[in-house]
Amino acid sequence: MPDRHDHWIAGKPDAPAAGSYLPTIDPATRQPGDEIAAGTAADVDRAVAAADDAQPGWARTSGAQRSEA
């Protein structure tokens, strides 16, 4: 059974709003691969809101600290 990969929003896995996943195919073997979250406008809105929330802290982070992220 393939693994399912959710979106990564606000530092944690986040299931797609519509609950939909897209299949992948291994290009070398043409065999089915894992499933990835299918994003919608609602998913983008959550990701943008999380980025807006994180921005002030990120702005206070030094270049050296950012390179370790």
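Some points to look at:
- Gyration tensor over alpha-carbon atoms, the chain, equivalent ellipsoid semi-axes in Å: 30, 17, 8
- C-alpha long axis of helix 41-59 to longest principal axis of the chain, angle in °: 30
- Net charge of Cβ neighbours under 12 Å - reference residue 5; Lys, Arg +1; Asp, Glu -1: -4
- Surrounding net charge for residue 37, when Lys and Arg each add one and Asp and Glu each subtract one, Cβ distance under 15 Å: -4
- Surface analysis of the chain yields an accessible area of 76 Å² per residue, using protein heavy atoms and a 1.4 Å probe.
- Computed in the context of the full set of protein chains, the accessible area of the chain at 1.4 Å probe radius has 56% of its extent on carbon or sulfur.
- Per-residue ellipticity at 222 nm computed for the chain from its helices equals -11000 deg cm²/dmol, with DSSP H segments shorter than 4 residues left out and the rest contributing -39,500 (n - 2.57).
The values are calculated or read from the model by the stated rules, or taken from the named source; none is laboratory data. These numbers were taken from a predicted model, which means no experiment stands behind them. All Cβ positions, even for glycine, are placed from backbone atoms using ideal geometry, and neighbour counts span all protein chains on display. Protein only, heavy atoms only, side chains kept; ligands, DNA and RNA dropped before computing areas. Shrake-Rupley method; radii C 1.70, N 1.55, O 1.52, S 1.80 Å.
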